1. Considering only residues that are under 22 Å from the mean Cα position of the chain (by Cα) and of a type in the set (S, T, N, Q), which ones fall in region 119-158?
2. Quick test of your reading of the structure: ALA186 fulfils all but one of (1) in a loop (DSSP other than H, G, I, E, B); (2) in contact with a helix residue (DSSP H, G or I) (Cβ under 8 Å, 6 or more places away or on another chain); (3) of a type in the set (A, V, I, L, M, F, W, C). Name the failing condition by number.
3. Can we say LEU65 is crowded, with 24+ Cβ neighbours inside 10 Å and in contact with a helix residue (DSSP H, G or I) (Cβ under 9 Å, 6 or more places away or on another chain)?
4. Kindly indicate whether any position in region 44-51 is open to solvent by 10 Å² or more (accessible area, probe 1.4 Å), aromatic (Phe, Trp, Tyr) and either part of a helix (DSSP H, G or I) or touching a residue at least 40 places away in the same chain (Cβ under 8 Å) (or both).
5. Just to be sure I understand, how many residues within region 121-140 are open to solvent by 20 Å² or more (accessible area, probe 1.4 Å) and β-branched (Val, Ile, Thr)?
6. Assess whether ALA88 counts as being crowded, with 22+ Cβ neighbours inside 10 Å and more than 18 Å from GLY281 (Cβ to Cβ).
7. Taking ALA177 and the conditions (1) surrounded by fewer than 18 Cβ atoms within 10 Å (Cβ to Cβ); (2) modelled with pLDDT of 95 or more; (3) out of contact with any Asp or Glu (no Cβ under 8 Å at 6 or more places or on another chain), which numbered condition does it fall short on, given that it satisfies the others?
8. Being in contact with a helix residue (DSSP H, G or I) (Cβ under 9 Å, 6 or more places away or on another chain), crowded, with 20+ Cβ neighbours inside 10 Å and farther than 21 Å from GLY190 by Cβ narrows it down to one of ALA150, ALA146, ALA113, so name that one.
Amino acid sequence: MTTAFIFPGQGSQSVGMGKALAENFAAARAVFEEVDAALGQKLSVLMWEGPEADLTLTENAQPALMAVSMAVVRVLEAEHGITVANTAKFVAGHSLGEYSALAAAQTFTLADAARLLRIRGQAMQSATPVGTGAMAALLGLDFATAAAAAAEAAQGDVCQAANDNSDGQVVVSGSKAAVERCAEIAKAKGAKRAIMLAVSAPFHCALMQPAADVMADALAKVAMKAPVVPVVANVGAAPLSDPAAIRASLVAQVTGTVRWRECVAYMAAQGVTRFYEIGAGKVLTGLSKKNAPDATAFAINSAEDIAAAAAQIKE
């Protein structure tokens, strides 16, 4: 069985995530303590006790989700001797999850990943005035049709495909009026539903250019090593190992489309038959089953999941 480790993005957070791992494993506790220290904030307390509204803030959700993913990675290593290098052919992550993937593959230190995601979250939130942007999920359209609906809806505003999650699930992002137009156009083009999303900013579109500029500066100042296994990057849907190329890809990702459907399809085409979603939630597990129907997918976010996955991997 050829394996990939995949890492969730924003929306997978929930109050209490990672608490049981910290209570049961020293390796997990060490991750949360290191992230708290890097940020100068008891992020772990917010993760475990809430309030949910504060955890959902982009600047908190991004490093928090990465911390849970890295806690799982470190427990797999400490308890079972399972590492990214000796287990995975590829790593990949959805949006912020790409930073988790790169931390797991040792391109970034844990502390640097936490600080970068704090900067990224703040920059993305402040890139546009609150209420001026929007995102919508278009269900039942293929990517080309959804992208055409976005282009038709723009009418001088910004409206573009932000996330190509799976065939029939595309998220568009841009100025509020344009995204609302896109929802209606998409329905006329055959979308089963067009759902306005409860997001705080229009991610992965040209309106995020100020945040891309911030990340270009932040990433230029951080030491990066080649990942121990290739990362399949969001914007290119192809593997990267060169730190300079990874840096450029992470900057482009802020305004570019997350090509998740193609990322998973690429890994499956390269022989991956088992996808492990490392961290909070099960969103990518479901998408993997859609995007690579011949592969199997498992979510790992509890002690029981870790034990079961370890037994599978060692078969």
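1. GLN122, GLN125, SER126, THR128
2. (1)
3. Considered against the rule, which asks whether it is crowded, with 24+ Cβ neighbours inside 10 Å and in contact with a helix residue (DSSP H, G or I) (Cβ under 9 Å, 6 or more places away or on another chain), LEU65 comes out as yes.
4. Scanning region 44-51, I find at least one residue that is open to solvent by 10 Å² or more (accessible area, probe 1.4 Å), aromatic (Phe, Trp, Tyr) and either part of a helix (DSSP H, G or I) or touching a residue at least 40 places away in the same chain (Cβ under 8 Å) (or both), so the answer is yes.
5. Total satisfying the criteria: 2.
6. Here the answer is yes, as ALA88 does meet what is asked.
7. For ALA177, the failing item is (3).
8. ALA113
The values are calculated or read from the model by the stated rules, or taken from the named source; none is laboratory data. As the structure is a computational prediction, the values presented were derived from the model and not from experiment. Every residue, glycine among them, receives a Cβ derived from its backbone with ideal geometry; neighbour counts consider all protein chains shown. For accessibility, only protein heavy atoms count, side chains too; no ligands or nucleic acids. Shrake-Rupley method; radii C 1.70, N 1.55, O 1.52, S 1.80 Å.
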